[in-house]
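*Asks:* Take a look at this one; I'll ask things after.
What follows draws every value from the coordinates through simple rules; no lab data is involved. This one's a predicted model, so the numbers in the text were calculated from it and none came from an experiment. Note: ideal-geometry Cβ built from the backbone for every residue, glycine included; neighbour counts use all protein chains shown.
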Amino acid sequence: MRVPQVFIETFGCQMNEYDTELVRAILKARGYGFTDSADTADVVLLNTCAIRENAHNKVYGHLGLLKPLKKERGLVIGVLGCMAQNLKQDILAGDTLIDVLVGPDSYRALPDLLERAAAGLKGMVVDLSEYETYADIVPDRIEGVTAWIAVMRGCDNFCTFCVVPYTRGRERSRDLTGIVREAEALAASGCKQVTLLGQNVNSYQDDSHDFADLLLAVADIQGIERVRFTSPHPKDFPDKLLEAVAGHPKICKHIHLPLQAGNDRILRLMNRTYTRAEYLALVDRIRHRCPAIVLTTDIIAGFCSETDAEFAETYDLVRRVEYHSAYIFKYSERKNTIAARKFADDVPDAIKAERVARLVELQWGISLKKNRALIGQVVEVLVEGDGKRADQWRGRTDGNIVTVFPKIADGIKSGSLIAVRITDATVTTLYAEAV
Ligand code: SAM
Ligand code: SF4
């Protein structure tokens with residue numbers, strides 16, 4: 001019998017990339033094969049993101065492209081992940097293209113739903129769970145030198161702008177022993193870097209083990225050379241965690257510290273639970289304990305009722321902290337969130353766009369200055385593979401900055417940790433030579 005072929009397209013964050021690996025494992029166990037194009041697939045799955053409106057629009061755009069294939073040869077189409085969870089029946093009712101809808105806590109139901117869909121029956125499972133962590137499923141990874149492990153799922157913070165608590169449900173952590181076993185298996189298969197993932201990764205808790213315990217346990221595994229984590233929340237940074245980051249040579253000196261806004265009234269409206277002063281004090285504490293740290297951030301411009309003066313405080317904070325890089329977003333109202341229910345999305349789009357542009361310009365200047373300051377220095381790079389050009393290697397510094405260098409020296413391969421001297425820099429990339 002011919003093995004049905006599945007093509008999965010993934011949108012959004014690293015957690016979605018990880019979930020796609022889980023979905024592949026679940027489908028593989030039920031006899032499905034995989035293909036890398038919709039043209040050769042029997043089933044196309046879109047693993048979606050709901051975080052901002054443009055994420056939605058991208059998925060609708062892709063669904064439009066699948067229409068002729070569906071007509072031609074009765075392709076089965078599934079929408080997985082956050083958008084499925086958030087839109088539920090709306091999608092099934094509004095778009096006859098879609099056969100199957102599965103939320104992030106219901107991937108185990110997918111094989112049955114696909115079988116029914118092949119027989120012409122549409123279906124959806126979008127239940128949220130307080131327990132599902134997929135801890136027993138080994139993700140079907142593309143083997144390489146880096147890997148992700150989701151250590152917790154969901155979020156209980158309810159930032160007023162954010163849809164994650166509704167699409168991914170309550171916070172829950174996997175047990176530490178299982179995670180360590182998974183990382184040991186990765187190390188045995190040649191993986192050098194593990195990134196611990198969670199919507200709110202540093203609120204990880206397994207009985208008496210907190211996130212610092214987990215980081216240290218993974219960093220101590222023989223063969224693992226680097227451990228990263230994302231995304232932490234600024235509210236959960238006890239000294240013990242900073243000690244772990246600063247003190248363990250294998251824990252990368254990079255912290256992504258989402259700010260969102262630099263004004264106290266806006267932070268309160270967002271329910272971020274810290275003030276501007278508390279956030280700045282945390283930055284000082286991190287830099288004091290770990291001067292080599294590379295800080296990056298997320299910012300939302302144009303949140304409900306944000307005035308020019310309030311935005312100016314965000315701008316000022318970015319200038320003061322001097323992040324190495326930043327993701328800067330226009331506020332995008334999301335269905336069901338507290339902000340959508342309680343506040344007016346009243347900052348005109350043109351003003352949101354202008355605030356984003358001003359922050360991006362400021363940040364690019366800072367990023368370029370910081371990268372150029374590295375010229376002449378020798379840094380350690382983990383080689384991840386070929387650069388855009390086949391005669392170049394591409395890797396990352398400990399601080400997560402992309403670094404490219406010519407393939408001149410022998411003995412270097414993907415997974416090598418090698419010293420390079422920085423020779424040039426742009427806003428996003430360091431250029432180097434092996435030393
Ligand atoms: N858990 C992380 C935290 O606490 O910051 C963030 C996870 S979220 C998937 C990634 C980023 O998307 C957020 O930090 C925020 O900047 C952005 N984001 C979330 N909701 C948004 C919205 N409604 N409009 C614009 N950006 C949004
Ligand atoms: Fe969303 Fe806030 Fe949870 Fe981050 S902490 S996922 S921004 S609700």
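*Asks:* State the number of residues belonging to region 21-50 that are closer than 24 Å to D136 by Cα and within 16 Å of ligand 1 (Cβ to nearest atom).
*Replies:* Counting residues in region 21-50 that are closer than 24 Å to D136 by Cα and within 16 Å of ligand 1 (Cβ to nearest atom) gives 2.
*Asks:* Please specify each residue of region 208-228 satisfying the condition of being free of Cβ contacts under 8 Å to residues at least 40 places away in the same chain and acidic (D, E).
*Replies:* Matches in region 208-228: D210, D213, D220.
*Asks:* Which condition does L65 not pass, out of (1) more than 25 Å from the chain's Cα centre (by Cα); (2) farther than 29 Å from K330 by Cβ, if it passes all the others?
*Replies:* Answer for L65: the failing condition is (2).
*Asks:* A183 passes all but one of (1) within 11 Å of ligand 1 (Cβ to nearest atom); (2) hydrophobic (A, V, I, L, M, F, W, C); (3) free of Cβ contacts under 8 Å to residues at least 60 places away in the same chain; which number fails?
*Replies:* Here A183 clears every test but (1).
*Asks:* Could you check region 201-227 and list, in sequence order, the residues that are crowded, with 22+ Cβ neighbours inside 10 Å and within 16 Å of ligand 1 (Cβ to nearest atom)?
*Replies:* V201, N202, Y204, F211
*Asks:* Further, regarding this structure: For region 1-39, which residues satisfy the criterion of being within 23 Å of L197 (Cβ to Cβ), of a type in the set (D, E, K, R) and not in a helix (DSSP H, G or I)?
*Replies:* E9
*Asks:* Something else: Does G190 fit the bill of being away from ligand 2 (no atom under 15 Å from the Cβ), part of a loop (DSSP other than H, G, I, E, B) and either over 29 Å from T275 (Cα atoms) or not charged (D, E, K, R) (or both)?
*Replies:* Here the answer is yes, as G190 does meet what is asked.
*Asks:* Would you point out the residue of region 238-253, among those that are surrounded by fewer than 19 Cβ atoms within 10 Å (Cβ to Cβ) and within 19 Å of M152 (Cβ to Cβ), that is nearest to ligand 1 (Cβ to nearest atom)?
*Replies:* P238
*Asks:* Another question about this same structure. Using beta carbons and a limit of 6 Å, which pairs, at least six apart or on different chains, have the first residue in region 1-13 and at positive phi and hydrophobic (A, V, I, L, M, F, W, C) and the second one in a loop (DSSP other than H, G, I, E, B) and surrounded by fewer than 18 Cβ atoms within 10 Å (Cβ to Cβ)?
*Replies:* none
*Asks:* Which condition number in (1) loosely packed, with under 14 Cβ neighbours inside 10 Å; (2) closer than 29 Å to N200 by Cβ is the one that G81 fails?
*Replies:* Here G81 meets the rest and fails (1).
*Asks:* With the requirement that a residue be among the β-branched types (V, I, T) and outside any helix (DSSP H, G or I), what does region 193-226 give you?
*Replies:* V194, T195, I221, I224, listed by residue number.
*Asks:* Determine if region 128-149 includes at least one residue that is surrounded by 14 or more Cβ atoms within 10 Å (Cβ to Cβ) and within 16 Å of ligand 1 (Cβ to nearest atom).
*Replies:* Yes: one or more hits.
*Asks:* From the list D19, D36, exactly one residue is touching a residue at least 24 places away in the same chain (Cβ under 8 Å), under 19 Å from A150 (Cα atoms) and under 27 Å from the mean Cα position of the chain (by Cα). Which is it?
*Replies:* D19
*Asks:* Could you tell me how many of the residues in region 318-332 are buried (at least 16 other Cβ atoms within 10 Å of the Cβ) and either within 16 Å of ligand 2 (Cβ to nearest atom) or among the acidic types (D, E) (or both)?
*Replies:* Residues meeting the conditions: 6.
*Asks:* Test each condition in (1) assigned to a helix (DSSP H, G or I); (2) under 21 Å from V283 (Cα atoms) for A183 and report the one that comes out false.
*Replies:* Unmet for A183, out of (1) assigned to a helix (DSSP H, G or I); (2) under 21 Å from V283 (Cα atoms): (2).
*Asks:* Does region 350-361 include one or more residues that are over 30 Å from L282 (Cβ atoms) and either more than 16 Å from ligand 1 (Cβ to nearest atom) or more than 24 Å from the chain's Cα centre (by Cα) (or both)?
*Replies:* yes
*Asks:* Here is a list of conditions, (1) outside any helix (DSSP H, G or I); (2) within 25 Å of C290 (Cα to Cα); (3) touching a residue at least 40 places away in the same chain (Cβ under 8 Å); (4) in contact with a strand residue (DSSP E or B) (Cβ under 6 Å, 6 or more places away or on another chain), and G376 meets all of them except one; can you say which number that is?
*Replies:* (4) is the only condition that G376 fails.
*Asks:* Let me ask something else about it. Y315 fails exactly one of the following numbered conditions: (1) within 16 Å of ligand 2 (Cβ to nearest atom); (2) of a type outside the set (D, E, K, R); (3) under 20 Å from L269 (Cα atoms); (4) surrounded by 15 or more Cβ atoms within 10 Å (Cβ to Cβ). What is the number of that condition?
*Replies:* All conditions are met except number (1).
*Asks:* Just give me the residues in region 324-349 being aliphatic (A, V, I, L, M) and near ligand 1 (Cβ under 10 Å from one of its atoms), in sequence order.
*Replies:* A326, I328, A339, A340
*Asks:* Could you please give the count of residues in region 416-435 that are of a type outside the set (S, T, N, Q) and under 22 Å from the mean Cα position of the chain (by Cα)?
*Replies:* Of the residues in region 416-435, 1 are of a type outside the set (S, T, N, Q) and under 22 Å from the mean Cα position of the chain (by Cα).
*Asks:* Same structure again: Could you tell me which residue of region 334-348 is nearest to P165 (Cα to Cα), considering only residues that are without any contact (Cβ under 8 Å) to a residue 24 or more places away in the chain and of a type outside the set (K, R)?
*Replies:* A340
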